[in-house]
Each structure stands twice: as structure tokens, then as C-alpha cells.
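No lab work stands behind these numbers, since they all come straight from the coordinates. From a predicted model like this one, the values you see are computed outputs, not experimental measurements. In this analysis, Cβ positions are derived from the backbone assuming ideal geometry, glycine residues included, and neighbour counts consider all displayed protein chains.
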Amino acid sequence: MKSQMLLYLLRQTWSNPVFNDSYPPAVFSQAAAVIHQVQAIHECFVATLRPILATGMPHASEAEVEKVISQIAPKTTAFCVAISVGEITDLKRLSAAAVAIAISYWADQSMDRGDEAMVVAVRRATASGHHGSLPGTRPLSWSIQARFAALRCIEREVRRLTEDPDDLPYVLRAIYRDVLENQALMRDLSRSYAVQTDGHGFWVDQAETVARLAIADSGLMSAVTVIYAIYRHHHPDLPSLAEIYDHPEIASLVQGPCNAAVRVFDDFGDRQIDEGQHPQWGIFNINLFNQSNPQWVRAFVRNSGITDEAEHTALLAALVQNDLVGQSYVTQTYVKLLRSRFASLPQSLWEDYGVFLKLCKRTLEAGFVNSVGDIALADTDTDDSAQPGPLETMVFYEPHIQN
């Protein structure tokens, strides 16, 4: 992994673009030590991931497998592992966390690129409880069986993090169900929308479903839970994930504003890919910034936890504007939403669940940096130093709303 890209990602994330206190000010003075740790993890991570992807991509050459690794490795190591900023030194478990998330990134990416075998394998993995043999009696193609075998490695890696019955099911749920199963459903909906002759009719029927799934499969909790499970392994007095998932105020925060903001950041970064402008990266996928149907936008905003009707109208106007200025208004609105919701949390919640909330904030910082898009974040031969940071492309904008 090129250190230039790693430095770029870490510098952007640690600068706290969303909040002002997710990472401590001293993080930059510790950068050399953290980067050394991340690079050590990266070596173990790649050595483990390479044969898994080779299994899951039986028709791919070694060069094609390496290309996939180069596309997902920087994002995985910088956004998943480095959020602990040296607070956790358990390289074995941090590497396992990176591998588990990388496999899910690969599966998600494959579905976005139209890999129907992966869609079937994901459905089989989630239907079978993530382990054991493939359910059903119909013989499956070699490609599907290969992808399913690779997906099963997620559970193997997660079990290297924790076997705690109050944590393990929730980590698996965050990866298999919240991300992969929901993404498979979104792939079906995107395909259905693409062949519709009546786009309005599609949104009448599906706006609420698309909004719910787009928010639920943001990937926030998959990244947070794997790291939190490691913290809790070393500090068993921390609240379990079972307790956290059962807490109504935390659930409301995560399932609404947090997940929605990550979806906004991700869709902003991948809006060209999701239009199909870069076929090697993805085929058509529904994207908040590309489809501005009022029913879909309002359903998304409502499920985000934004109740103000004037804000609904302003966000719709900004999306209809369909330029960088309007798009940046949407992104900044969700930054403000996050700041407001975290600032309003009672002190008692921070006292009881502070570590979990801190990791959520750090992952949201990474999610914002992710708004530069997957192509910019890939470890390619492009000049990484020229890649714009998300704050450099954002413009504050108050949309003109016609009466």
C-alpha cells in the first residue's frame, strides 16, 4: 500500500472534518507510530485476504485479484483499523477486523458491478445463518459456490475478534444483514428501476422501501462493531453490543442520522459511478444525488430523523439543482445534523457508552472523507497528492426555494 495514500486518508480523517473532538489533538504527534502499526496490520491483512479473494474469484488471474486488493485495502485499513489511533495494540484482532470488513467491501463492490453470482451467494449466506452448507437442493454454479465460500470467511475472522455471545451475533448482523443482505435488495430495486417505463410509478410503490434500505446498508455499524468488540475484549467492563443495540436512544441515533449521513457521504462520492459513467467500477445504482424524485427524497429525509418540513423542501430543491453547490448543501446539512444530535446527547449517555459513541464519531469522520469516492480512494498509479479532500470540494449553499 502506498504510504502517500495512507497519509492522505489519515490526515483527512484525523483533522475532524465533522466534529472537532473525535480524534485527540495529539494524534498527529503519534502519526508515525500509528502508521507503523497500520502498515504492520496491512501486511498480515493482505496475506490473509489474498487467498480468500482467490477462492471467491476462481476465474480471476493473480493480477485481477491484486487489483481488487489495491482498490479496497487503503479504505479498509485507514477507515476501519486506524480509528483506534493506537489505543488498541492487538494486531492479530485488528487484522481480523480489517479482513472481515474487506470481504464485505468486496462483496458489496461486486454486486454494484453487476455480479449476479455474488447476489445469489449473499442471499445464501444470510439465509443459512452465515455458516454451514448452502441451503436448498438446486445445484449451484462454481462461481456462486466460490463466492459463498469466501463470504463464510467473514464469520471465521469475526470469531477471531470475539466469541462473546453478547457481542458476536451483533457483529455478524451488522456485516451480513445490515450491509450485504440489504445491499442485495437494493441491487434488485436498482435493476427494477432501470427497466421501468414509469419512474413515477416505481417511486409511488417503492420510495419508502428504497429509503429504508439505503440508510440501513450504510455500513457504519459493520465498521464500528468490529472495532468495539476488540475494545471490549480488552475491557470487558464496557457495555456489550447486546446492551447497546437494545438502547432506544442509541438505536435512534444510529439508525437515523448516523446511517443516513454515511449514505449521503457515500452517494456523493459515488454519484458518477452509480450513473454508470465508469463501468469498470459499477453499473447503474440508485443514488440520492442522481434520482431526485420528491417521494424518494422526502422518504429518505424523514427516515434520517429530520422532521422539519422546510428542511425537507430545502434538501429537495438542492438535489433538483443537480450541481456541486446544491449537492454540497445536502452534505453539509447532514454534517450539521450529526453535530446537533451528538451535542444534544445527555451526559449520562456519554458516561455509560462513551467508548462506543467515540468510535461512532470517528467512523463518521472517515465516512465524510469517503465522500471523495471509491475511485479517488483506490491505491492506483494516479497522483494521490492531487486528489481533492472532501472539504476542498464542499461549498455552503442556501437553495432558492420557489413558492
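Between the listed residues Val330, Thr48, Gln71, the Cα displaced farthest toward the positive end of the dipole of the chain, a dipole computed from Cβ unit charges relative to the Cα centre, is found at Thr48.
Counting every Cα pair in the chain, what percent are over 39 Å apart? Kindly include the intermediate steps, with their values, before the conclusion.
On the way: 10091 of 81003 pairs.
Counting every Cα pair in the chain, those more than 39 Å apart make up 12 percent.
Could you grab the relative contact order for the chain? Cα pairs under 8 Å, six or more apart, rounded to a whole percent. Provide the component values of the computation, followed by the final result.
On the way: 551 pairs, mean separation 88.7, N = 403.
RCO, the chain: 22 percent.
The order of Tyr353, Tyr228, going from fewest to most other C-beta atoms within 10 Å of their C-beta, is Tyr353, Tyr228. Rounded to the nearest 0.05, the FRET efficiency derived from the C-beta distance between Ala33 and Ala127 at R0 = 51 Å is 0.70. The order of Lys336, Lys361, going from fewest to most other C-beta atoms within 10 Å of their C-beta, is Lys336, Lys361. Of the DSSP H helices in the chain, those that are both long (alpha-carbon extent of 27 Å or more along the helix axis) and hydrophobic (Kyte-Doolittle mean at least 0.0) are 31-56, 91-112, 324-343, 347-369. Between Ala54 and Leu91, the distance separating the two model label sites (each 7 Å from Cα on the Cα→Cβ line) works out to 2.2 nm. Full extension of the chain between Glu243 and Cys44 yields a length gain of 68.4 nm, computed as 0.36 nm times the residue separation minus the alpha carbon distance. Structure remark: mean-square fluctuation, Gaussian network model of the chain, C-alpha springs under 10 Å; the largest value among Val264, Val320, Val158 belongs to Val320. Cα centroid separation, segment 285-330 to segment 206-222: 15 Å. Estimated from the Cβ-Cβ distance and a Förster radius of 60 angstrom, the FRET efficiency linking Ala194 and Ala26 is about 0.75.
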